[in-house]
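The values are calculated or read from the model by the stated rules, or taken from the named source; none is laboratory data. Note that the coordinates shown come from a computational prediction; the quantities given were computed from them, not determined experimentally. Please note: Cβ atoms are built from the backbone with ideal geometry, for glycine as well, and neighbour counts cover all protein chains shown. We work out accessible area using only protein heavy atoms, side chains counted, and drop any ligands, DNA or RNA first. Shrake-Rupley method; radii C 1.70, N 1.55, O 1.52, S 1.80 Å.
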Amino acid sequence: MHHYIKLEISLCGTYRCRRIDLHLWKERNWAQKMKQILPKLQRKSVRDEFQPKAEYLVTTAYGCEQQTSLLSLRWRRQLQGVSQNMSSYLKTTMGLLVFLGKLLFSGSMSLMFSVIPKPRKSVAGEIVLITGSGGGLGRLLALHFVRLGSVLVLWDVNTEANEETRRMAQETGTTRVHAYTCDCSRKEEVYRVAEQVKKEVGDVSILINNAGIVTGRSFLDCPDELIEKSFDVNCKAHLWTYKAFLPAMIANNHGHLVCISSSAGLIGVNGLADYCASKFAANGFAESIFMETFAQKQKGIKTTIVCPFLIKTGMFEGCTSSSPTVLPILEPEYVAQKIVDAIQQEQLYLYVPKSLYFMMFLKSFLPVKTGLLIGDYLGVFNIMNGFIGQKKKT
């Protein structure tokens, strides 16, 4: 007569339960047989889509109490491990399915908006602060926003030029234009004027860091003070303005941070070492603040990072492009309109012209020598050869 142990295991899932009966012959090698059964049990649980909760019952049959007691002690932990592994597996699977669903939805929305223009948000009544508003791109942005009904706050180190921008904005019929003289390279001055703006105008809801300078000299020929000035204006000023105005945006769960960077913040350029370094830093800072707001689920705060090629504002006077079809010198009015569109459509990255997107894609995987050959063909190594040295605030 054969004696065996009857092992009853209850697997309870979300929707149903099943009891599995395992019969083990009373032999010396029953432990080895159990090792063979456990993987099968796990696979069966996976196939039947159960979520075991370690609910099981070990009973005896046919007078095998001693063997069963030993079985219960030795295999209880392993059976619990099967249950825990199953639960972890299902959680991982569900997480993956949710992720894939979100990925599909996001991709579909992006594809749709690439064909159908994304709805534009209204900026009427928004308090828009623009640094470097005394001329060039900053002045054009101010005129665009005043036509859209925004309240303007103009910052520039050049008082006379900034007053001219205010006068031009007021000619549209609005009185909601405020001009302040501010050297954005000085932290204390940024904080002081920021407090003045909060008291006299209110909380800034759209911050456009546009002020910038360029030395146009090779690294070893550039004096230390000019290198420091490049970082102070092109990068550090962004830190101080964010410190001044971001807390109110967080409190209101409403705001838009705009970084006017450069294509030189994406790809290193011969003759622009200090400028490229400061723009790369500005890019990284703006992107990291976007990541912070995203991680903290501050959905009301948006970010736009703008990277244009050379613009005809006088800042890069004398510079030329050897491949105007691929990398044209940009018209300021065109760039200003693209920036306003990107802000209203809450676009994170804006590269102008569009060929920059393709160039960044190539940079991500092409061998270095191949990239250098392409750069040489496009003449990007000689862009600064004709630089005159005229520095205008933009």
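How high is the FRET efficiency from Glu163 to Ser364, r the C-beta distance, R0 51 Å, rounded to 0.05? Computed FRET efficiency for Glu163 and Ser364 comes out at 0.65. If you sort His254, His238 by accessible surface, 1.4 Å probe, largest first, the order is His254, His238.
Placing pseudo-labels 7 Å out from each Cα toward the beta carbon at Leu103 and Lys243 gives an inter-label distance of 4.0 nm.
Between Lys121 and Ile250, the contour length at 0.36 nm per residue exceeds the alpha carbon distance by 44.5 nm. Summed over the residues of segment 249-394 and divided among them, the accessible surface reaches 49 Å² per residue at a probe radius of 1.4 Å.
The local environment of Pro353, defined by Cβ-Cβ distances under 13 Å, has a net charge of +1 under the rule Lys, Arg +1 and Asp, Glu -1. Close amide H partners of Lys302, meaning residues 5 or more places away or on another chain with modelled amide H under 5 Å apart, are Gly255, His256, Leu257. Ligands, DNA and RNA left out, the 1.4 Å accessible surface of segment 235-394 is 62% carbon and sulfur atoms. The residues of segment 171-211 expose on average 49 square angstrom of accessible surface per residue, using a 1.4 Å probe on protein heavy atoms. Taken one residue at a time, the phi angles of segment 140-155 give Karplus couplings (6.51, -1.76, 1.60, θ = phi - 60°) of 5, 4, 4, 5, 5, 6, 5, 5, 8, x, 7, 8, 9, 10, 9, 10 Hz. Gly and Pro are set to x. Converting phi to 3J(HN,Hα) with the Karplus coefficients 6.51, -1.76 and 1.60 and the offset θ = phi - 60°, segment 162-167 yields 5, 5, 5, 5, 5, 4 Hz in sequence order, with x at every glycine or proline.
Near Ile267: Cβ cut-off under 12 Å, other residues only, Lys/Arg at +1 and Asp/Glu at -1. The net charge is +2. For the residues Trp240, Trp155, a 1.4 Å probe over the protein chains yields an accessible-area ranking, largest first, of Trp240, Trp155.
By average Cβ neighbour count within 10 Å, what is the ranking of 167-178, 120-131 from highest down?
Going from most to least packed, we get 120-131, 167-178.
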